[in-house]
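Let me begin by presenting the structure, written as structure tokens, before commenting on it.
The values are calculated or read from the model by the stated rules, or taken from the named source; none is laboratory data. Remember, it's a predicted structure, so these values are computed and weren't measured experimentally. Cβ atoms come from the backbone with ideal geometry, glycine included; neighbour counts cover every protein chain shown. The area values use the complete protein model at the heavy-atom level, side chains included, leaving out ligands, DNA and RNA. Shrake-Rupley method; radii C 1.70, N 1.55, O 1.52, S 1.80 Å.
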Amino acid sequence: MYKKWLSVLAACQLFHGMEQQDLYNMLMCLKPKIEKFEKNDFIKFAGDEFEGLGIMLSGSAAITKENSIGDRVIITVVKQGDMFGEMAAFSGHRKWPATVIAQEPSYVIFLSSEKILGECEKLCKSHRLLIMNMLKVVSNKALLLSKKLDYLSIKSIRGRISNLLLDHYNKIGTLSFMMSLNRNEMADYLNVSRPALSRELCKLRDEGILDFYKSSVVIKDIEALKLMAE
């Protein structure tokens, strides 16, 4: 049952550094549940009892929440190899914080947080690595959320975009790079509308500050970008 998905799981952050055979042995020990969902199926409802984090084995799903007037808002989309529910896995609030909806036929594996931290019956050598990876995943997610709050504290759209691009530049070290977010994800991340984001990017391009194509960006005037980020 698990062998079919080993290559997908091996690429997931939670299992980073594990050989496929060790991963398979650990899965046989932990016995996580695999479920199939059709398009538009509800994988989880907000408020459902939390039984374990999910990993997309195939397909994709939208993580959604309802706003104050009852409209469903997409927070993010998870695809093959992505996790969801990891921030709630070890919280005292044992409920799903958001609704998860399959966007296409999908398979999902659910891994109990208790089994992640519990003692392994077969003393799998990869279990300790699993725990360390889980700590890294949660820590990185917390840092990402903290950085997002920094962006949201900036009033102007241009300022948010400039800071995001500079962070990518500082991380990669070159003026030409691929964004880790597509245009929709960038708009959601910066809490701006997609049209407003596109308009501002086009203005920056017209002013000769940057150039872009899809997720590819070239910073042409780094000093101007730094001034707008202040």
Seminar exercise, completed: Relative contact order as a percentage, the chain, C-alpha pairs under 8 Å and 6+ apart, gives 19
Exercise. Packing-wise, with mean Cβ within 10 Å as the measure, how do 134-147, 34-47 rank, highest first?
Worked result: 34-47, 134-147
Problem set entry | Test item: Cα-centred dipole of the chain, Lys/Arg +1 and Asp/Glu -1 on Cβ, debye | 120
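For the chain, what % of the accessible area comes from carbon and sulfur atoms, probe 1.4 Å? Don't skip to the end; give the middle numbers.
On the way: 6910 of 13030 Å².
Here carbon and sulfur together make up 53 percent of the probe-accessible area.
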For this session: Take every Cα pair under 8 Å in region 1-130 that's 6+ residues apart, average their separations, divide by the length, and report that relative contact order as a whole percent.
Result: 35
Seminar exercise, completed: Relative contact order as a percentage, region 61-188, C-alpha pairs under 8 Å and 6+ apart, gives 19
Seminar exercise, completed: XL table Lys44/Lys226; Lys4/Lys141; Lys31/Lys141; Cα-Cα > 32 Å flagged, in table order, is Lys44/Lys226
Problem set entry | Where region 28-151 is the region considered: accessible area per residue in Å², 1.4 Å probe | 56
For this session: Report the full-extension gain for the segment Ser7 to Ile172: residue separation times 0.36 nm, less the Cα-Cα distance, to one decimal in nm.
Result: 56.7 nm
Problem set entry | Matching label, Cα Rg over 2.2 N^0.38 Å computed from the structure shown, candidates (1) 1.15; (2) 0.98; (3) 1.07 | (1)
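Computed FRET efficiency, Cβ-Cβ of Ile131 and Lys155, R0 30 Å: what is it to the nearest 0.05?
0.15
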Seminar exercise, completed: Between Glu104 and residues 5 or more places away or on another chain, the pairs with built amide H atoms under 5 Å apart involve Asn40, Ser60
For this session: Work out the length of the dipole vector of region 1-136 about its Cα centre, built from +1 on the beta-carbon of each Lys and Arg and -1 on the beta-carbon of each Asp and Glu, and round it to the nearest 20 debye.
Result: 260
Exercise. How fast does region 100-213 diffuse by Stokes-Einstein, in µm²/s, taking the Kirkwood radius from C-alpha pairs at 25 °C and 0.890 mPa s?
Worked result: 140
Exercise. GluC sites (Glu not before Pro), restricted to region 93-152: which are DSSP loop and have at most 10 other Cβ atoms within 10 Å?
Worked result: Glu119, Glu121
For this session: Taking a cut-off of 19 Å between Cα atoms, list the aspartates and glutamates near Lys39, but don't count ones fewer than 8 places away on the same chain.
Result: Asp82, Glu104
Problem set entry | Expected 222 nm ellipticity per residue - DSSP helices of 4 or more, -39500 (n - 2.57), all of the chain, to 500 | -12500 deg cm²/dmol
